[in-house]
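*Asks:* Handing you a structure now.
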Amino acid sequence: MKKIGVISDVHGNSEALIAALAMLDAVKCDEILHLGDVVDIGPDSRGCLEILLSRKDVICLLGNHDRDFVLNQTEVRAKSHVPAQHKKQVFGTLTQQMRQAVKAFPLSVERICGGQKLFFCHYALKDQPFDWNVFPFMPLQTEPSAEAFDEIFRGTKADAVFFGHKHEPCEFRGRMLYVDVGSVGCHPSTFARAVIIEYDDAHWSYRRLQTPYDIEAVRSRMHNEIVEGDALYDFYFLRKHPNG
Ligand SMILES: [Fe+2]
């Protein structure tokens, strides 16, 4: 059987990334996909980019925060909880060479597994030619359902879609199988999460994996080093919402 490791939304959490990659390396993946959002929120966007860009077996897809980095767009978007000052700090730690590398991240990839087409992306894509000036993703579905995904993924023709963006894993079967792989490390649990797809010419299946990592080290670095680090930790890691 061949194996594809899938992770998403590492968001500067190199502790979780290192743990997840070690877990995927232990099962010997043929390739590993990161489904977007390498940067912002966590304490080590630079370290995450260095790790992911250094590996020949990793393909990174473009996420909305990666797009902001390419465009050096730091103003707060509607519904975003990442302050401009934070993004300025993070983007200031990254190099022009990294920006060029991220600019080349594809929006999606496809794989034929067990005779079926699997589609990978950060989130449902707008049905239009890519233009750096236009936000390419459909609105986030706060209450995911098969019907909601059938609607936003209407432009995608595949048997299954794997994506991230919301940071909370889920799966629904509508017109296609929809699998939100969840964030690798930007969530309340002390486990780094990944999905592994196993396939041959006739069959494919997927399962979720998790491994413990040092979330306290992340909290400490966010507190000590990161602009708005405490607020971002509370919101993204503890799911404490500012207004209750
Ligand atoms: Fe994200």
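The values are calculated or read from the model by the stated rules, or taken from the named source; none is laboratory data. Computed from a predicted structure; not experimentally measured. In this analysis, Cβ positions are derived from the backbone assuming ideal geometry, glycine residues included, and neighbour counts consider all displayed protein chains.
*Asks:* Give the number of residues within the range 58-82 that are at pLDDT below 90 and either crowded, with 21+ Cβ neighbours inside 10 Å or not hydroxyl-bearing (Ser, Thr, Tyr) (or both).
*Replies:* Step one: filter the range 58-82 for residues at pLDDT below 90, giving 75-81.
Within this subset, residues satisfying the condition of being either crowded, with 21+ Cβ neighbours inside 10 Å or not hydroxyl-bearing (Ser, Thr, Tyr) (or both) are 75-79, 81.
The total comes to 6.
*Asks:* If you don't mind, another one. Could you say whether any residue in the range 44-67 is out of contact with any Pro (no Cβ under 9 Å at 6 or more places or on another chain) and over 17 Å from Ala101 (Cα atoms)?
*Replies:* Taking the range 44-67 and keeping what is out of contact with any Pro (no Cβ under 9 Å at 6 or more places or on another chain), we get 44-58, 63, 65-66.
Adding the requirement that they be over 17 Å from Ala101 (Cα atoms) leaves 44.
Checked the range 44-67: at least one residue is out of contact with any Pro (no Cβ under 9 Å at 6 or more places or on another chain) and over 17 Å from Ala101 (Cα atoms).
*Asks:* Next question. Considering each of Ile41, Ile51 in turn, give the residue that is out of contact with any Gly (no Cβ under 7 Å at 6 or more places or on another chain) and either at pLDDT 95 or above or more than 18 Å from Ile215 (Cα to Cα) (or both).
*Replies:* On the way: Ile41 fails: out of contact with any Gly (no Cβ under 7 Å at 6 or more places or on another chain).
So the residue among Ile41, Ile51 that is out of contact with any Gly (no Cβ under 7 Å at 6 or more places or on another chain) and either at pLDDT 95 or above or more than 18 Å from Ile215 (Cα to Cα) (or both) is Ile51.
*Asks:* Could you check, for the range 100-108, whether at least one of its residues is under 26 Å from Ser220 (Cα atoms) and at pLDDT 95 or above? Talk me through it step by step, then tell me what you get.
*Replies:* Keep residues of the range 100-108 that are under 26 Å from Ser220 (Cα atoms), which gives none.
No, the range 100-108 contains no residue that is under 26 Å from Ser220 (Cα atoms) and at pLDDT 95 or above.
*Asks:* Among the listed residues Val109, Val161, which satisfies the condition of being more than 30 Å from Val227 (Cβ to Cβ), touching a residue at least 40 places away in the same chain (Cβ under 8 Å) and surrounded by fewer than 20 Cβ atoms within 10 Å (Cβ to Cβ)? I'd like the intermediate steps shown before the answer.
*Replies:* Values: Val161 fails: surrounded by fewer than 20 Cβ atoms within 10 Å (Cβ to Cβ).
Every option except Val109 fails the conditions.
*Asks:* Let me ask you something else. Conditions: (1) in contact (Cβ under 8 Å) with a residue 24 or more places away in the chain; (2) over 22 Å from Lys117 (Cβ atoms); (3) more than 16 Å from the ligand (Cβ to nearest atom); (4) basic (Lys, Arg). Arg239 meets all but one. Number of the miss?
*Replies:* The number of the failed condition is (3).
*Asks:* Pairs under 9 Å by beta carbon, first residue farther than 26 Å from Thr74 by Cα in the range 206-235, partner basic (Lys, Arg) and not in a helix (DSSP H, G or I), six or more apart or different chains?
*Replies:* Close Cβ pairs (under 9 Å, with a partner that is basic (Lys, Arg) and not in a helix (DSSP H, G or I)) amount to Arg208/Arg193; Leu209/Arg193; Gln210/Arg193; Thr211/Arg193.
*Asks:* Need the failing condition index for Ala101 against (1) within 14 Å of the ligand (Cβ to nearest atom); (2) closer than 25 Å to Cys29 by Cβ; (3) in contact (Cβ under 8 Å) with a residue 40 or more places away in the chain, just the number.
*Replies:* Against the list (1) within 14 Å of the ligand (Cβ to nearest atom); (2) closer than 25 Å to Cys29 by Cβ; (3) in contact (Cβ under 8 Å) with a residue 40 or more places away in the chain, Ala101 comes up short only on (1).
*Asks:* Does at least one position in the range 119-131 carry a residue that is over 21 Å from Leu71 (Cα atoms), at pLDDT 95 or above and either out of contact with any Pro (no Cβ under 7 Å at 6 or more places or on another chain) or more than 14 Å from the ligand (Cβ to nearest atom) (or both)?
*Replies:* So the first thing to find is which residues in the range 119-131 are over 21 Å from Leu71 (Cα atoms), and the list is 119-120, 127.
Checking the rest, the ones that are also at pLDDT 95 or above come to 119-120.
With either out of contact with any Pro (no Cβ under 7 Å at 6 or more places or on another chain) or more than 14 Å from the ligand (Cβ to nearest atom) (or both) added as a condition, the list becomes 119-120.
Taking every residue of the range 119-131 in turn, at least one turns out to be over 21 Å from Leu71 (Cα atoms), at pLDDT 95 or above and either out of contact with any Pro (no Cβ under 7 Å at 6 or more places or on another chain) or more than 14 Å from the ligand (Cβ to nearest atom) (or both).
*Asks:* Let me ask you something else. Give me the residue from the range 1-22 that is part of a helix (DSSP H, G or I) and of a type in the set (A, V, I, L, M, F, W, C) and, out of that set, farthest from the ligand (Cβ to nearest atom). Quick ask: steps written out before the conclusion?
*Replies:* So the first thing to find is which residues in the range 1-22 are part of a helix (DSSP H, G or I), and the list is 14-22.
With the extra rule that they be of a type in the set (A, V, I, L, M, F, W, C), the set shrinks to 16-22.
Numbers: Ala16: 13, Leu17: 14, Ile18: 19, Ala19: 18, Ala20: 15, Leu21: 18, Ala22: 22 Å.
Among those residues, the one meeting the criterion is Ala22.
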